[in-house]
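Student: This is the structure, below, for whatever I ask next.
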Amino acid sequence: MTTSPPLRGPLFEAVQRSDIFADSKTFVDSVPRMDPDRIHERFQERRHDPAFDLRAFVEEHFEVPDGSEGAAYDPEPTPESMAAHIRGLWPRLVDHPDDERAIEYGSLIGTPEPYVTPGGRFRELYYWDSYFTAEGLATSDRLEDVENIVENFAWAVEEFGYVPNATREYQTSRTQPPLFAETVTILERERGIEAVEPYLDVLDAEYEFWMSGRDELDGAGTATRRVVDLGDAVLNRYWDEAAGPRRESYDEDVELAERVPDRDRETLYRDIRAAAESGWDFSSRWCRDASMETIRTTELVPVDLNALLYGVERDLADWHAAVRNDATSEAYATAAQQRAAAIDQYCWDDEAGFYFDYSFVEGEQTTKWTLGATVPLYTGLASDEQAAAVAEHLREQFLRRGGLLTTLTESGEQWDAPNGWAPLHWFAVLGLERTGHDELAREIATRWVDHARAVYERTGRMVEKYDVTADGRLGGGGEYELQDGFGWTNGVTIAFQERYGLFEQH
């Protein structure tokens, strides 16, 4: 795939290093109005003119996306119930890009089926967002939309070998947390194994993508791509095939590199990109301290990633057994057993009673308390004793008026305190429910729904993240303005309402 015009050359550099757009994603999502080579010629001809206006030039030659800087869907309070509002939002978030020029000349990648966007600046299909959205779509009796998500995931694996972070050219060098199998389970709940069977080959292929490079490992402490050799086990990390500034956050990444001139640029940029693959972009979790200058994502074995891959191995073992692929089923079951033992060995702290990420470079666990520790409960990996200990810490340390803190650190990054996020609440609530902690699960879900409803009734907005430390607070931090829409918030919130009977009383 050739690099689209908004992503390369002196025009790209000039725009991304200027302040003409508050959001660095704006320009890389813009679409040329004419032949891209001609645009570049014009830029070179005009750029040194004293009267040259860069923003005017961009707006003359590109279609700049609307809502780039964070437009609200419904900025005023509304008499609709929150659930009715969410159901009304679904059709407005569905997109099926059919603009051939945008796909040919811009950064957008076409897909075979429509998809549900998160909203706001996020105008494309995102990988892990789509699973949580799909749970809400299923609750809203929109199973066809779930089928379309699964079909697009399958197409992506066939096209790229994995599901990209998002359907933008600049996000195809990485993936996101592996939730393809979890999305397929939604169809399985409705239709049984017959709904799974057509996707077994691509699910196998995605798993092989995550394990690619394991034959190249060279002893304890070595790593290749997304696999890490711990000596007695192989676990996974986040990675990105590219190692330069992100196209969609170019200025931010270059400025960070300039603040740490002693750091190797390639390693720094790959650590940033690997954090973007995690979906937790950004968090003190990935740093030695609380600052981005010390980011070290590729040195870490994340507990939640490996717990999710354990879940994939268990699902594939069960599904292959159901279709009588006995040898394949046994191989996945063995892989799951080995992974479970390794997670216990390297990520579980018996004294603390909590799961932590593991630094294979330093040979020790990190000290960052995060909601990543809930995913072993969600995938059925945690023992009863481990689940009870994690539940106690959630109640005592993480629980606030509006739900769960993402971490216990306030760094100014959006995946830290005081923010709470819908996907992490889903993992926590269902993980607690799965391990018998029903009362706490309901309490967390209720606080989340009540908080989202308080914001909605005051503002008319469903947003991507919330400050859970006080009633009705919006989330903050990050590289861009708070976004409305919002796919995974809608999905998790309405699914919680259905699961626990938390709909408004009239």
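The values are calculated or read from the model by the stated rules, or taken from the named source; none is laboratory data. Everything numeric here is computed off the predicted structure, so don't read it as measured data. Positions of Cβ are backbone-derived with ideal geometry, glycine not excepted, and every protein chain shown enters the neighbour counts. For the accessible areas, the whole protein counts, side chains as well, though only heavy atoms, and no ligand, DNA or RNA atoms are used. Shrake-Rupley method; radii C 1.70, N 1.55, O 1.52, S 1.80 Å.
Student: Would you point out the residue of the stretch 25-55, among those that are aromatic (Phe, Trp, Tyr) and within 38 Å of the chain's Cα centre (by Cα), that is surrounded by the fewest Cβ atoms within 10 Å (Cβ to Cβ)?
Tutor: The qualifying residue surrounded by the fewest Cβ atoms within 10 Å (Cβ to Cβ) is Phe43.
Student: Taking the stretch 333-370 on its own, how many of its residues are in contact (Cβ under 8 Å) with a residue 24 or more places away in the chain and buried (at least 18 other Cβ atoms within 10 Å of the Cβ)?
Tutor: The total comes to 18.
Student: Another question, if that's okay. What are the pairs, 6+ residues apart or on separate chains, where a residue within the stretch 439-458 that is open to solvent by 10 Å² or more (accessible area, probe 1.4 Å) has its Cβ under 7 Å from a residue that is assigned to a helix (DSSP H, G or I) and not hydrophobic (A, V, I, L, M, F, W, C)?
Tutor: From residues that are open to solvent by 10 Å² or more (accessible area, probe 1.4 Å), the pairs are Arg442/Tyr500; Thr446/Tyr500.
Student: Run Pro177 past the list (1) in a helix (DSSP H, G or I); (2) touching a helix residue (DSSP H, G or I) at 6+ places or on another chain (Cβ under 6 Å) and report the number of the one that doesn't hold.
Tutor: (1) is the only condition that Pro177 fails.
Student: Also: Would you pick out the residues in the stretch 365-398 that are under 24 Å from Glu410 (Cβ atoms) and either assigned to a strand (DSSP E or B) or hydroxyl-bearing (Ser, Thr, Tyr) (or both)?
Tutor: Across the stretch 365-398, the qualifying residues are Gln365, Thr366, Thr367, Thr370, Thr374.
Student: Going through the stretch 78-117 one residue at a time, which ones are under 18 Å from the mean Cα position of the chain (by Cα) and surrounded by fewer than 18 Cβ atoms within 10 Å (Cβ to Cβ)?
Tutor: Passing the criteria: none in range.
Student: For the stretch 2-54, enumerate the residues that are assigned to a loop (DSSP other than H, G, I, E, B), of a type in the set (Lys, Arg) and touching a residue at least 24 places away in the same chain (Cβ under 8 Å).
Tutor: Across the stretch 2-54, the qualifying residues are Arg17, Arg33, Arg47.
Student: The conditions are (1) touching a helix residue (DSSP H, G or I) at 6+ places or on another chain (Cβ under 8 Å); (2) at negative phi, and Gly353 fails exactly one of them. Which is it?
Tutor: The failed condition is (2).
Student: Oh, and also: Quickly run through the stretch 478-506 and pick out the residues that are over 19 Å from Trp128 (Cα atoms), in a helix (DSSP H, G or I) and open to solvent by less than 30 Å² (accessible area, probe 1.4 Å).
Tutor: Gln497, Tyr500
Student: Same structure again: Residues being over 18 Å from Ala276 (Cβ atoms) and either open to solvent by 20 Å² or more (accessible area, probe 1.4 Å) or hydroxyl-bearing (Ser, Thr, Tyr) (or both): count how many of those fall in the stretch 118-137.
Tutor: Within the stretch 118-137, residues that are over 18 Å from Ala276 (Cβ atoms) and either open to solvent by 20 Å² or more (accessible area, probe 1.4 Å) or hydroxyl-bearing (Ser, Thr, Tyr) (or both) number 1.
Student: Let me ask another. If we keep just the residues of the stretch 414-464 that are assigned to a loop (DSSP other than H, G, I, E, B) and over 23 Å from Phe354 (Cα atoms), which is nearest to the chain's Cα centre (by Cα)?
Tutor: Glu464
Student: Out of all the residues in the stretch 386-408, which are crowded, with 20+ Cβ neighbours inside 10 Å and out of contact with any strand residue (DSSP E or B) (no Cβ under 8 Å at 6 or more places or on another chain)?
Tutor: Those that are crowded, with 20+ Cβ neighbours inside 10 Å and out of contact with any strand residue (DSSP E or B) (no Cβ under 8 Å at 6 or more places or on another chain): Ala387, Ala391.
Student: Could you tell me how many of the residues in the stretch 138-163 are without any contact (Cβ under 8 Å) to a residue 40 or more places away in the chain and open to solvent by 10 Å² or more (accessible area, probe 1.4 Å)?
Tutor: Final tally of qualifying residues: 6.
Student: If you take the residues in the stretch 467-477 that are in contact with a Pro (Cβ under 9 Å, 6 or more places away or on another chain) and not in a loop (DSSP other than H, G, I, E, B), which one is modelled with the highest pLDDT?
Tutor: Taking the candidates together, the pick is Asp467.
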